[in-house]
Amino acid sequence: MSNSLDGINVALVTPFDEEERVDEDGLAALVEDQIGHGMHGLVVNGSTGEFTSLTFEERRRNVEVVREAAGGRVPLIVHVGAMTTREAVAHAEHAADQGAICVMLVNPWYEALNEREIEEHLRAVASVGLPVMVYNNPGATGWSLDTDFIAQLAERVDGFRYLKDTTGDAGRLFRIQELCGDRLELLNGLDTLAFLGFLAGTRGTVWGAPNATPEACLKLWSLTVERPDLPAARELWSAFYPVNHFFESEGYMAAVKAGAQIRGLKVGPTRRPNLPLPPDRVRVLATLMERLDAAVGAVQT
């Protein structure tokens, strides 16, 4: 499969200033930071990027800023999920103009779609001409794509090339690979399942944690996929799991942004109604990250 998404594709946060305006300089600096830490791809306007709080124009401008800052050094992936097919297609067209290698598409939320509606929505976005990564995120949409239906879509819809699964069900990873084979490249999307996901055969991920913990993310991928060393990977994961669990349990966007700021990055607050982490929880995260940094440093390569 061409345009493989092997590796760590970081779902970038969207930096804001104290008035909740998008901080374009902060976003460009984040891109430089992530490329400098060896991330394999950049994902713009994902869930970690607070896309539901962004205007249509802010989403477009984010893509442009990231493209300019990256300068073609790593692949660009643009999340185009929207409540209407018309808007999702418009975002996909802009992504194509900006040189994205694929688009990521979460299904509309609030009102569950039937299978015919899902297929037509996907087909319309795929008609733009970029490969599509379907983002199955039942925690956000309230419903999940059935594995057999995923396999049918992979057969019927040209351009459906990738699936990001964020169900947290490791068994699904094996089942989807069994049903779809090489027609579909599968990426695990749940932080706390990252270790098992790589062991289950997912060679890439779309992951928000690298904003805060890029060295650990890259090291875990290397120890499980690139140059497998299972004992070392397990040792690293014992310190990494608590950080990932913290992100998932504390309010993901706020926690990841807090982690990035602990590292010294200027990413600002979340956009309300999401609130920043309270200071006592930031201190807990700082301690967990300090332990993780020690574990990364102890890994023998």
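The values are calculated or read from the model by the stated rules, or taken from the named source; none is laboratory data. All figures in this text were calculated on a predicted structure; none of them were measured in a lab. We place every Cβ from the backbone using ideal geometry, glycine too, and count neighbours over all the protein chains shown. The protein model used for the area step is the full one, side chains on, heavy atoms only, and it has no ligands, DNA or RNA in it. Shrake-Rupley method; radii C 1.70, N 1.55, O 1.52, S 1.80 Å.
I'd like the full set of residues that are basic (Lys, Arg), assigned to a loop (DSSP other than H, G, I, E, B) and over 29 Å from Pro228 (Cβ atoms), limited to the range 242-301. The answer is Lys266, Arg271, Arg272. Has the range 133-144 got at least one residue that is closer than 29 Å to Phe240 by Cα, modelled with pLDDT under 95, open to solvent by 30 Å² or more (accessible area, probe 1.4 Å) and in contact with a helix residue (DSSP H, G or I) (Cβ under 7 Å, 6 or more places away or on another chain)? Yes: one or more hits.
Filtering the range 91-109 to residues that are in a helix (DSSP H, G or I), open to solvent by less than 20 Å² (accessible area, probe 1.4 Å) and among the small types (Gly, Ala, Ser) leaves Ala92, Ala95.
From the list Val78, Val13, the one residue that fits, being open to solvent by less than 10 Å² (accessible area, probe 1.4 Å), in contact (Cβ under 8 Å) with a residue 40 or more places away in the chain and outside any helix (DSSP H, G or I), is Val13. Within the range 230-274, if we keep just the residues that are of a type in the set (Ser, Thr, Tyr) and farther than 16 Å from Asp293 by Cα, the residue that is surrounded by the most Cβ atoms within 10 Å (Cβ to Cβ) turns out to be Thr270. For the structure I just gave you, tell me whether Met1 is hydrophobic (A, V, I, L, M, F, W, C) and modelled with pLDDT under 95. Considered against the rule, which asks whether it is hydrophobic (A, V, I, L, M, F, W, C) and modelled with pLDDT under 95, Met1 comes out as yes. Scanning the range 115-132 for residues that are in contact with a Leu (Cβ under 7 Å, 6 or more places away or on another chain) and either of a type in the set (A, V, I, L, M, F, W, C) or part of a strand (DSSP E or B) (or both) yields Leu122, Val125, Val132. Among the conditions (1) open to solvent by less than 60 Å² (accessible area, probe 1.4 Å); (2) within 18 Å of Glu19 (Cα to Cα), the only one that Thr52 does not satisfy is (1). Just wondering, is there one or more residues in the range 279-289 that are touching a residue at least 24 places away in the same chain (Cβ under 8 Å), touching a helix residue (DSSP H, G or I) at 6+ places or on another chain (Cβ under 7 Å) and open to solvent by 70 Å² or more (accessible area, probe 1.4 Å)? No, the range 279-289 contains no residue that is touching a residue at least 24 places away in the same chain (Cβ under 8 Å), touching a helix residue (DSSP H, G or I) at 6+ places or on another chain (Cβ under 7 Å) and open to solvent by 70 Å² or more (accessible area, probe 1.4 Å).
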